[in-house]
1. So the check is Cβ under 6 Å with 6+ separation or different chains; which pairs have a first residue in the range 75-92 that's crowded, with 17+ Cβ neighbours inside 10 Å and a second one that's outside any helix (DSSP H, G or I)?
2. Within the range 6-63, track down each residue that is at pLDDT below 70 and small (Gly, Ala, Ser).
3. Tally time: how many residues in the range 63-78 are out of contact with any helix residue (DSSP H, G or I) (no Cβ under 8 Å at 6 or more places or on another chain) and not in a helix (DSSP H, G or I)?
4. Which numbered condition in (1) more than 26 Å from residue 5 (Cβ to Cβ); (2) surrounded by 17 or more Cβ atoms within 10 Å (Cβ to Cβ); (3) among the aliphatic types (A, V, I, L, M) is the only one that residue 99 fails?
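The values are calculated or read from the model by the stated rules, or taken from the named source; none is laboratory data. These numbers come from a predicted model, not from an experiment. All Cβ positions, even for glycine, are placed from backbone atoms using ideal geometry, and neighbour counts span all protein chains on display.
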Amino acid sequence: MMRKILLLCGLIIGLSTAGFSQANTTDPAVKAKQLQKQLKLSDSQTKKVTDIYEESAKKYSKIKADNHGDTNKMLVDIKPLRASTITKIKAVLTPKQSAEYDELLKSKKGEDGNGWGDGWSSTSN
């Protein structure tokens with residue numbers, strides 16, 4: 001129960017923060033460019049990652065709309081999407097980049113302090 005409360009608080013804080021800096025945290029092209037800097041991605045890899053982030057962002061928006069404010073259900077529905085996004089991104093990376101990406105996921109921070117793990121913002125755990 002306490003974990004759900006903490007997740008809910010984190011989601012609310014993250015969503016409110018994302019609202020103020022939405023262009024920096026949720027724009028797929030911006031996220032891909034940040035990842036490009038972190039992992040030294042080629043332009044081709046960056047384009048593929050952008051496409052993955054765009055697809056995931058659309059699915060995330062649908063999940064968010066479909067759950068009509070039910071945060072607990074949304075958190076459950078996002079887990080497979082997050083895992084799928086990570087798998088798709090790792091398929092684009094070299095083994096060295098993949099290992100570095102794993103470290104980013106563990107730290108859940110990019111250069112701007114926002115999370116990499118969910119592909120959209122720092123709101124998912």
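1. So the pair list comes out as 78/124; 82/118; 82/124; 85/119.
2. Within the range 6-63, the subset at pLDDT below 70 is 6-25.
Result: 10, 14, 16, 18, 19, 21, 23.
3. Residues that pass the stated criteria total 3.
4. All conditions pass for residue 99, except number (2).
Listed here are the residues, each with its yes/no results for (1) loosely packed, with under 12 Cβ neighbours inside 10 Å; (2) of a type in the set (Asp, Glu); (3) over 16 Å from residue 30 (Cα atoms).
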position: 44; (1), (2), (3): yes, no, no
position: 50; (1), (2), (3): no, no, no
position: 73; (1), (2), (3): no, no, yes
position: 94; (1), (2), (3): no, no, yes
